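Structure record follows, encoded as structure tokens.
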Amino acid sequence: MSDVELIEFNGNTVTVTVVLEDEDMANLKRDWGRVKGCQTPLIGTYKNGFSVFIPWMLKEKEQVEG
């Protein structure tokens, strides 16, 4: 499981630093090369916090291989 290490609010920005376990980091490195672009993050708020969902678009399989 990954843990949030730090949440920093600075003016009109929020920085969330996450510490990943080795397997999660390997998966992120593998998948990041397939990302074509990111859409606007979606933020859900809860009583004691929030979640951030970042939709991304993946490259077509042939674009990754070639």
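Laboratory data are not the source of any read-out in this text; all were calculated from the coordinates shown. Quick caveat, the model's predicted, so the values are computed rather than measured. Cβ: placed from backbone, ideal geometry, glycine included. Neighbour counts: every protein chain shown.
Enumerate the amide H contacts of residue 58 below 5 Å, restricted to partners 5 or more residues apart or on another chain; note that Pro and chain-start residues carry no placed amide H.
Correct list: 36.
Roughly how many nanometres apart are two label points built 7 Å out from the Cα toward the Cβ at residue 51 and residue 6?
2.6
Could you derive backbone 3J(HN,Hα) for region 42-54 from the dihedral phi with the Karplus parameters 6.51, -1.76 and 1.60 (θ = phi - 60°), listing whole Hz in sequence and x where the residue is Gly or Pro?
So the Karplus estimates, Gly and Pro as x, are 9, 10, x, 9, 10, 4, 10, x, 7, 10, 10, 10, 10 Hz.
Students often get this wrong: which residues of region 14-29 have the backbone nitrogen under 18 Å from the point 7 angstrom along Cα-to-C-beta of residue 58?
24-29
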